[in-house]
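Okay, structure first, notes after.
The numbers here are math on the coordinates, done by the rules we state, and not lab data. Because the structure is a prediction, the values reported are computed rather than measured. Please note: Cβ atoms are built from the backbone with ideal geometry, for glycine as well, and neighbour counts cover all protein chains shown.
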Amino acid sequence: MEIRLDPSVTPLDLNHTLGCGQVFRWAREGDWWYGVAGGKALKIGLFGDRLRFQASPTGGDTSHFVGRYFRLDDDLPLIASEINRDEHIDAALQAFHGLRIVRQEPWECLVSYACATYKNIPAVKGMIHSLSRRFGERITLEGRPFHAFPRPEDLAGADPKELRECGLGFRAGRILEIAGLVAEGEFDPEGLRGADCEAARRRLMSLPGVGPKVADCVLLFSLDRLDAFPVDIWVRRIVLESYPDHFEQSFIEKVLNRKSITPGEYREIGSFARRYFGRYAGYAQEYLYHYKRSSKTISISLSRPSDY
């Protein structure tokens, strides 16, 4: 199967999109990417203007699913023109043309980023792989085994010891609580899609172990809130070093000299980003982060740990 794209209208770069740290279940093999999303094992590659893919199971409109997952409905040229406010973001946009935010399934996105607290990307990938292998449905693609992400009821009934054996550590209890709330219908991640952004953020932050950064990741990467601006220790440094004229010097010195960040400081950085970049601030965040991470222009780790 394939989708034909007009690069001038719908630019897409799979390597930038799947390799920028926003998703945890994809791996590149030559010209192809293999991953699991929406209960499907997928093989996908971009060859010229043709986005080619295979999926298992094959039921449903896979072309629609792939288009929706990669947000091919986003007008990326328009988004780039709106957020391109200065030389920093301009360099990132040029370097990673075709990077798209993907539309993840909210339940999986919530658990993935709840697991990401104090962990880097390889560690999070390992946890999600272990959880899926132990609790998720087995899928076969090209004779190879994959596993769907576990359903809420699968994790809600798990033994905490099994979750810890998947690498979750202290996160095991939190994930059990979240899974129980979702399985029992007390919390519906998908139901937040049409809610007011602040109300959805507060609802997410009512969950155990979910702080503002995790909530904003769920809003941005799964609930279509492209104005959400997740701030971890690395994004904080990127913003304050790239845009110092927009903050008091005392604020910059105080925030950069600490490992943690207060809720008020988090709000101030996020508010600046939404004022400055507008309705697509989340796209600006992902481009700036991936550019700085790749170019090593600031002193940060090449992994992406999350501190809240």
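With the contact rule set at Cα under 8 Å and sequence spacing of 6 or more, what percent relative contact order holds for the chain? If you can, show how the numbers build up before the last one.
Details: 453 pairs, mean separation 62.8, N = 308.
The value is 20 percent.
What does the extension gain come out to for S294 and Y118, with contour length at 0.36 nm per residue minus their alpha carbon separation?
Details: separation 176, 0.36 × 176 = 63.36 nm, distance 2.09 nm.
Difference between extended and current length: 61.3 nm.
Between the alpha-carbon centers of the range 146-167 and the range 242-298, tell me the distance in whole angstrom.
So the two Cα centres are separated by 35 Å.
I'd like to compare 26-33, 209-216: which one has the highest average count of other Cβ atoms within 10 Å, and what's the full order after that? Walk me through the numbers before you get to the answer.
Numbers: 26-33: 13.2, 209-216: 21.6.
Descending mean neighbour count gives 209-216, 26-33.
Give me the net charge of R4's neighbourhood, meaning all other residues with Cβ under 12 Å from the Cβ of R4; Lys, Arg count +1, Asp, Glu -1. Spell out each step's value before the answer.
Working: positive: R50, R52; negative: E2, D6, D49.
Here the charged neighbours net out to -1.
Provide the gained length on full extension for the span Q94 to T262, in nm with one decimal, where the gain is 0.36 nm per separating residue minus the Cα-Cα distance.
Values: separation 168, 0.36 × 168 = 60.48 nm, distance 3.32 nm.
Working it through step by step, the gained length comes to 57.2 nm.
Please identify, among T17, T117, T262, the residue showing maximal mean-square fluctuation in a Gaussian network model of the chain using a 10 angstrom Cα cutoff.
Result: T262 has the largest fluctuation of those listed.
Compute, for the range 1-85, the length of the dipole vector about the Cα centre, with Cβ point charges of +1 (Lys, Arg) and -1 (Asp, Glu) only. Units Debye, rounded to 20. Could the numbers behind the result be given before it?
Numbers: 10 positive and 11 negative charges, 66 e Å.
The calculated dipole for the range 1-85 is roughly 320 debye.
Let me know the charge dipole size of the range 233-295 about its Cα centre in debye, to the nearest 20, where only the beta-carbon of Lys, Arg (+1) and Asp, Glu (-1) is charged. Before the final figure, lay out the partial values.
Details: 11 positive and 7 negative charges, 48 e Å.
I would put it at about 240 debye.
Assigning unit charges at the beta carbon (Lys, Arg +1; Asp, Glu -1) and nothing else, what dipole magnitude in debye, to the nearest 20, does the chain show about its Cα centre? Before the final figure, lay out each step's value.
Values: 42 positive and 42 negative charges, 165 e Å.
Charge dipole of the chain: 800 debye, to the nearest 20.
Is the C-alpha gyration tensor of the chain telling us rounded, prolate or oblate? Criteria: a/c under 1.5 is rounded; beyond that, a/b larger than b/c is prolate, otherwise oblate. Don't skip to the answer; put the middle values down first.
On the way: a/c = 1.71, a/b = 1.14, b/c = 1.50.
It comes out oblate by the Cα gyration axes.
Separation between the E241 and D31 pseudo-spin-labels, each 7 Å from Cα along Cα→Cβ, expressed in nm?
Simple spin-label model gives 3.8 nm for this pair.
On full extension of the chain, what length is gained from R52 through K161, given 0.36 nm per residue of separation minus the C-alpha to C-alpha distance?
Taking R52 through K161 to full extension adds about 35.2 nm, to one decimal.
Per-residue ellipticity at 222 nm for the chain, helices alone: DSSP H runs ≥ 4 residues times -39500 (n - 2.57), over residue total, nearest 500 deg cm²/dmol?
On the way: 15 runs with 148 residues, N = 308.
-14000 deg cm²/dmol, from helical runs alone.
In the range 64-198, with Lys and Arg counted as +1 and Asp and Glu as -1 at Cβ, which of these residues, L93, I83, Y118, has the Cα nearest the positive end of the dipole, that is, farthest along it?
Y118
For the chain, modelled as a Gaussian network with Cα springs under 10 Å, which listed residue fluctuates most, V182, V111, V124?
Highest fluctuation among the options: V182.
Which of A148, G167, L204 sits farthest toward the positive end of the charge dipole of the range 106-222, with +1 on the Cβ of Lys and Arg and -1 on the Cβ of Asp and Glu?
G167
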